[in-house]
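Novice: Take a look at this one; I'll ask things after.
The values are calculated or read from the model by the stated rules, or taken from the named source; none is laboratory data. Please read all numbers here as calculations on a predicted model, not as lab measurements. Neighbour counts run over all protein chains shown; Cβ positions are idealised from the backbone, glycine included. When the accessible area is computed, the model is the full protein with side chains, heavy atoms only, and any ligands, DNA or RNA have been set aside. Shrake-Rupley method; radii C 1.70, N 1.55, O 1.52, S 1.80 Å.
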Amino acid sequence: MKRIDYAKVGESLFTDVLDNGLTVYYLPKADYNRTYGLFTTNFGSLDTTFQPVNEQNLQTFPEGIAHFLEHKLFEKEDGDVMYKFGALGAQTNAFTSFSRTSYLFSTRENSFECVQLLLDFVQDPYFTAENVRKEQGIIQQEIQMYQDDSDWRLFAGLLANMYPNSPLAADIAGTPATINAITAEDLYKNYTTFYQPSNMNLFLTGPFETDKMVEFVKANQAGKHFTKKPEIKRQTVQTTEPISPREIELEVAMPKFALGLRGDDKLPENPVKLFEYKLSMSLFFGLLFGPTSQLYENLYQSGLIDDSFDTSFELDRRFHFAALTADTENPQKLSEILQEALKSYKIDSNFTDDHLELLKREMLGDYLTSLNSLEYIAQQFSSEIYGELNFFDLPEILAALTLDKISTNVERFINEMKPVEFTILPRQI
C-alpha cells in the first residue's frame, strides 16, 4: 500500500491495488462523523460496442444498457438493496455518466457493514427476464419525465449536433425502443465484461482506522473468486462531421441558445500536461466570458444575456468539448459575438496576468471549500483520467499555470475545434 501526504491541503491518501486488480483509495478523516463510499466501474453510456468476454468479435448493445444495469444491480432475489442500507442507517444511490457507473453510500453508523454491503451487492448480479421487464417500464417513465426539461433538452440537442451518429448523441438512459430491446443475457454480458475488479475502483473516506478498513476490504475481496479477464476492447467514439445549426420548439418563454466547441481527441498523454490542459481551458473561458470579464458585462448590460449564461468544459479520454449556453432574445447575434471573441482572444483586454491571478485565487478558494464535501472528493477520484495525479494535486498544477501556458493550450483547442449551434425556440401557437 502506498501513502502520499498532501501538505498543502492537510490530507493523507492511502492507495492499494489488490491481488484481483481492484484499486482502493482510503482517505481517513478523523474529525468527521460520516463515512462515505463510492464503488466505480469504468463503464458508461459510451460503451455500447465492445468485445464481450470469451467472444471473438465486437458486439453492439442497445443504448442505455449501462444505466439499465445500474438500476438492476440494486434488485436481488431477496429484495431491494436500498432497504438493506436503510436498515443500517445509511443512504445509498448510484449514477451513470458517459464513461463510468458509480454506486455509493453515506452513513454515520455501521460503516464496516455498509462497506461490505456495497462490495457484495455490486459484485453479485441477479438478472431475470421478469425483473428486466419490470425495470423497462420504470426507466421508460424516467425517460419521459425529463423530455419537457428545456435545459436538459438544450444540452442533449447540442451533444447530438456535436457528435452525430455516436453514443454521445444518445440519451444516457436510452430511448423507449432501446430499453425494450435489452435482455437479461445482454446485462450479464455487459456485467461480466466491465464489472471486473481490474476495471473498477473503490474510494472510502471517513473517521475509520485505516489499517482495520484495509484488512476488512482485503478479506472481503479475498473471499470471492474472480477469473483474470483480458483487457477490454471497446470501440472509440466515432466523430463524424457535426451538424449545425439546428432548432426545435418547446414551451419556453425565451429562446435558449447553446454554442458547442468540439475539441480534437488527440489529448496529451502526460498526466501533468493533461491536467494543465483541463485547468487552462476552464480558466480561459472564465477570462473571456466569466462574470469578471468586460465582455460578460457588456452582454449583460445590452440584454443579450441574463443570469442564465454559463460556460463549461468537459474532458474525457475519448472526447472533450466546451459549451456556452444562455437564454437570449437574439441567439444569432450572441453566437456571432462569442465566436468573434474566441478568434480574437489574444487582444482581449481581459486576457491578462492580473485577471488570471484573480481567477486562479477564485478557483483555489472553490477547491478548498469543496474539501469539506466527502461526496465531491470521492467523485473526483472515480474518474481516474490523470494517471498518477489526482484531485489533491490541483493546487500545485494550478499555481504553475501562466498566461503563456494557457495560451499554448488554448491555441491547441481553438485551431482544431468545430463550432456547433443548437437553439430551442418558443413554441408557435
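Novice: My understanding is that a pair violates if its Cα-Cα distance is over 26 Å; which of Lys189/Lys418; Lys2/Lys29; Lys72/Lys224; Lys29/Lys405 do that in this structure?
Specialist: Cα-Cα > 26 Å for Lys189/Lys418; Lys29/Lys405; rest within.
Novice: Out of every Cα-Cα pair in region 273-373, what percent are more than 21 Å apart?
Specialist: Counting every Cα pair in region 273-373, those more than 21 Å apart make up 39 percent.
Novice: Which lysines have a Cα lying under 18 Å from the Cα of Lys333, excluding residues fewer than 8 positions away in the same chain?
Specialist: Straight-distance partners of Lys333: Lys256, Lys343.
Novice: How would Val214, Val53, Val17 line up by accessible area, probe 1.4 Å, largest first?
Specialist: Order by accessible area, largest first: Val17, Val53, Val214.
Novice: Same structure again: Using a Förster distance of 41 angstrom, determine the FRET efficiency expected from the C-beta separation of Leu250 and Asn372, and round it to 0.05.
Specialist: Given R0 = 41 Å and the Cβ-Cβ separation, E is 0.60.
Novice: How many nm is it between the label spots at Tyr300 and Asp211, if each spot is 7 Å from the Cα in line with the beta carbon?
Specialist: 5.5
Novice: So, one more: In whole Å, what are the extents of region 127-173 along the principal axes defined by its C-alpha atoms, from largest to smallest?
Specialist: So the three principal-axis extents are 37, 23, 10 Å.
Novice: Between Asp265 and Phe112, what length in nm is gained on full extension when 0.36 nm per residue of separation is reduced by their alpha carbon distance?
Specialist: This chain segment gains 50.9 nm when fully extended.
Novice: With springs connecting C-alpha atoms under 10 Å apart, model the chain as a Gaussian network and identify which of Leu73, Leu46, Leu368 has the largest mean-square fluctuation.
Specialist: In this elastic network of the chain, the residue with the biggest mean-square fluctuation among Leu73, Leu46, Leu368 is Leu368.
Novice: Write down the accessible area per residue of the chain in Å², having rolled a 1.4 Å probe over the full set of protein chains.
Specialist: 47
Novice: Among DSSP beta bridges lying fully in the chain, give the percent that are antiparallel, nearest 5.
Specialist: 85
Novice: Also: Counting each pair of different Cα atoms once, what's the Kirkwood radius of region 143-291 in Å, rounded to one decimal?
Specialist: 20.5
Novice: Same structure again: Please give the calculated 222 nm ellipticity per residue for the chain, where each DSSP H segment of at least 4 residues contributes -39500 (n - 2.57) and the sum is spread over every residue; nearest 500 deg cm²/dmol?
Specialist: -12500 deg cm²/dmol
Novice: Still on this structure: Could you give the length gained by full extension between Asp151 and Lys224, i.e. 0.36 nm per residue of separation minus their alpha carbon distance, to one decimal place?
Specialist: Value of the extension gain: 21.9 nm.
Novice: Averaged over every viewing direction, what's the projected area of the C-alpha convex hull for region 162-208? Give it in nm², one decimal, please.
Specialist: 6.3
Novice: In addition: What do you reckon, how do Phe226, Phe105 stack up by accessible area (1.4 Å probe), largest on top?
Specialist: Phe226, Phe105
Novice: Hey, any idea what Rg/Rh is for region 1-58, computing Rh the Kirkwood way over Cα pairs?
Specialist: 1.16
Novice: Compute the orientation-averaged projected area for region 331-372 from the convex hull of its Cα atoms and round it to one decimal in nm².
Specialist: 4.3
Novice: Which order do you get for Ile143, Ile232 if you rank them by accessible area with a 1.4 Å probe, largest at the top?
Specialist: My answer, sorted largest first, is Ile232, Ile143.
Novice: A follow-up question, please. Rounded to a whole number, what % of the accessible area of region 284-359 do carbon and sulfur atoms account for, probe 1.4 Å?
Specialist: That share works out to 45 percent.
Novice: To continue, here is another question. How much accessible surface does Arg412 have with a 1.4 Å probe, in Å² rounded to 10?
Specialist: Around 100 Å² of this residue is reachable by solvent.
Novice: Given contacts defined as C-alpha pairs under 8 Å and at least six residues apart, what's the relative contact order of the chain, whole-number percent?
Specialist: 22
Novice: Sticking with this structure for a sec: Report the gain in length on full extension from Asp16 to Ala87: 0.36 nm times residue separation, minus Cα-Cα distance, nm rounded to one decimal.
Specialist: 22.6 nm
Novice: Where Rh is the Kirkwood radius over the Cα pairs of the chain, the temperature 4 °C and the viscosity 1.567 mPa s, what D in µm²/s does Stokes-Einstein return?
Specialist: It comes out at roughly 55 µm²/s.
Novice: With every protein chain left in place, what is the accessible area of Glu185 in Å² (1.4 Å probe, nearest 10)?
Specialist: Rounded to the nearest 10, that gives 120 Å².
Novice: May I ask you to list the aspartates and glutamates whose Cα is less than 19 Å away from that of Lys134, ignoring any residue fewer than eight positions away on the same chain?
Specialist: Glu63, Glu70, Glu75, Glu77, Asp78, Asp80, Glu142, Glu185, Asp186
Novice: When only alpha-carbon atoms count, how far does region 10-166 stretch along each of its three principal axes, as whole angstroms with the largest first?
Specialist: Extents along the principal axes, in whole Å: 48, 41, 33.
Novice: With a 1.4 Å probe and every protein chain left in place, tell me how much accessible area Tyr277 has, in Å² to the nearest 10.
Specialist: 0
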